[in-house]
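S.K.: Once you've had a glance at the structure underneath, I'll fire off some questions.
FYI, it's all coordinate maths here, none of it is from the lab. Since we're looking at a predicted model, the values are computed, not measured. So basically every Cβ, Gly included, is an ideal-geometry build from the backbone, and we count neighbours across all protein chains shown.
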Amino acid sequence: MCGRVALFTPPVRLAKLLDATLAAGVDPEGHPSWNVGPQRRLFGLTEPDGVRTLDSYRWGLLPSWAKDPAIANRLFNARGETVAEKPSFRSAFAKRPCVIPVDGFYEWDHRPGRNKQPNYFTRSDGQLMLFAGLYEQWRDPNAEDPAPLKTCTIITTTPSKDMDEIHDRMPVVLSAADVETWLNVKDYGADERAQLLCPAPVGTLVHYGVDNAVGSVRNDGPELIERTETQSLF
């Protein structure tokens, strides 16, 4: 799974790096955070009409047919192996892919003999990390003329060796060359796009232990990604 990320690069720079236009209403400078959890804001790159746009989304997918918005609390990740089939995700997979840029993500160490210390993962080349994601626009069925709520989810896959057995899942990390294939549902079929939902090549990611303070989203700041000594139970 992937349930905590760092996102401190300003939206205006994200848009420039992704050759995209910022959506109306998005603050170009944004609000940097080193501790973003589900139900908080992420940014998603879309290309529905051939024009790349970067917009703001709440993390936790809310399908258009959902009656209870609480379902989004369980849909902040989608498994790549079943995303094309599951009712909560299949429509978004077919029609509404997005790319979610982050600076890094956290996973808690599940290896035997170690404390559940958080580890911070980034790209080894220092570049922006690009996750395969999906988005939806939901309208409250109980409200009159409701504004659409934009939500998203991050797709996960089996881990590569870069995860060092810290966790049994990892986010799907796209290469810059794969972005067009993932977003362009008109020219690329479901099978071709589904082939991208696999572990990133070995050597793509690096990681190190960080302080347990990241376990609470009330804590924030650049100190959360500072390296700390790896902890052992013995």
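S.K.: Quick one: the Cα spread of the stretch 40-93 along its three principal axes, in angstroms, biggest first?
M.R.: 30, 24, 19
S.K.: May I pose another question? Regarding the stretch 13-164, what whole-number volume in Å³ per residue does the convex hull of its Cα atoms give?
M.R.: Values: hull volume 21.8 nm³, N = 152.
Convex hull volume per residue, Cα atoms: 143 Å³.
S.K.: Hey, another quick one. Sort 136-147, 80-91 for me by packing, meaning the mean count of neighbouring Cβ atoms within 10 Å per residue, highest on top. Could you put the intermediate results ahead of the total?
M.R.: Values: 136-147: 11.8, 80-91: 15.8.
Order by mean packing, descending: 80-91, 136-147.
S.K.: OK, next. How much FRET efficiency would the formula 1/(1 + (r/R0)^6) give for D125 and D19, where r is the Cβ-Cβ distance and R0 is 22 Å, rounded to 0.05? Show your work: numbers first, answer last.
M.R.: Values: r = 19 Å, r/R0 = 0.84.
About 0.75, to the nearest 0.05.
S.K.: Once you list every other residue whose beta carbon is under 13 Å from the beta carbon of S175, what net charge do they have if Lys and Arg are +1 and Asp and Glu are -1?
M.R.: Cβ neighbours under 13 Å give a net charge of -2.
S.K.: For the chain, give the magnitude of the charge dipole about the Cα centre (Cβ charges: +1 Lys/Arg, -1 Asp/Glu; no others), in debye to the nearest 20.
M.R.: On the way: 26 positive and 31 negative charges, 88 e Å.
In debye, rounded to 20, the chain gives about 420.
S.K.: Can you tell which of G25, G50, G215 shows the greatest fluctuation in a Gaussian network model of the chain with Cα springs below 10 Å?
M.R.: Maximum fluctuation in the GNM of the chain, among the listed residues, is at G25.
S.K.: Determine which lysines satisfy two conditions relative to K95: a Cα distance under 27 Å, and not lying fewer than 8 residues away in the same chain.
M.R.: By straight Cα distance, K95 reaches K16, K67, K86, K150, K186.
S.K.: Nearest 500 deg cm²/dmol is fine: what mean residue ellipticity at 222 nm does the chain get from its DSSP H runs of n ≥ 4 alone, each adding -39,500 (n - 2.57), divided by its residue count? Don't skip to the end; give the middle numbers.
M.R.: Values: 4 runs with 23 residues, N = 234.
Taken over the chain, the calculation gives -2000 deg cm²/dmol.
S.K.: Continuing with this model, one more query. Taking 0.36 nm per residue of sequence separation and subtracting the Cα-Cα distance, how much length would be gained by fully extending the chain between S175 and A84, in nm to one decimal?
M.R.: Length gained between S175 and A84: 30.7 nm.
S.K.: At a 10 angstrom cut-off on C-beta neighbours, averaged per residue, how do the peptides 69-76, 54-61 rank from highest to lowest? Let's see the in-between values first.
M.R.: Numbers: 69-76: 16.2, 54-61: 22.1.
Peptide ranking by packing, descending: 54-61, 69-76.
S.K.: If you don't mind, another one. With a point put 7 Å past each Cα toward its Cβ, work out how far A70 is from E29 in nm, to one decimal.
M.R.: Distance between the two pseudo-spin positions: 3.9 nm.
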